[in-house]
Amino acid sequence: MDQFVKTKRRFAIFAITCVMMMCCLAGCAGETTEDDKLKDIDFTVVGEDQQPDSLKEIIAEKSAEPFQISYTLGEELYIAVGYGEQPSGGYSISVNAFYETDKSLVFDTTLIGPGKAENVTNTPTQPYIVVKTENIEDKAIEFK
């Protein structure tokens with residue numbers, strides 16, 4: 001009888017463990033994230049001469065500190081990202097990704113520092129990038 005109780009207890013522990021594992025795996029498999037990419041978004045990097053004056057003013061006010069701005073003008077959406085004051089020249093900004101999800105537009109950039117062999121000014125700079133795209137309504141912008 002003692003052997004029967006041990007076997008029954010082991011089977012119960014095994015069954016409970018299996019059920020718990022199946023619940024965990026089922027929960028992970030059914031999960032979706034907001035970052036499910038629907039499509040890439042076409043954009044153009046916009047120089048200072050092509051930016052609306054009101055956007056230039058906003059950037060000038062904020063450029064000493066890191067900033068992230070979205071600015072809509074009619075059918076166009078401008079997105080600007082700045083990395084605040086840097087100790088020298090030679091910095092650039094790379095757009096790693098710009099895509100649409102169900103609920104947002106994801107805009108991912110990286111600040112790239114000057115190369116070691118690059119001859120740069122020792123004057124502080126305030127690098128930023130502005131891109132222009134089609135205005136997509138009802139989507140929040142997620143900066144990464």
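None of the figures in this text is laboratory data; all of them are computed from the coordinates on show. On a predicted model such as this, the values are computed, not experimentally measured, just so you know. As a convention, Cβ positions derive from the backbone with ideal geometry for all residues, glycine included, and neighbour counts pool all protein chains shown.
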Worksheet item: Given labels modelled 7 Å from the Cα in the Cβ direction, how far is it in nm from T121 to A97?
Response: 3.6 nm
Item to complete: Give the shape of segment 24-144 as rounded, prolate or oblate, defined through the alpha-carbon gyration tensor: a ≥ b ≥ c are the square roots of its eigenvalues, a/c under 1.5 means rounded, and otherwise the shape is prolate if a/b is larger than b/c and oblate if not.
Response: oblate
Worksheet entry | Backbone N under 12 Å from the D53 label point (7 Å along Cα→Cβ), restricted to segment 75-92 | none
Worksheet item: L73 versus S104, label points 7 Å from Cα toward the beta carbon: distance in nm?
Response: 2.6 nm
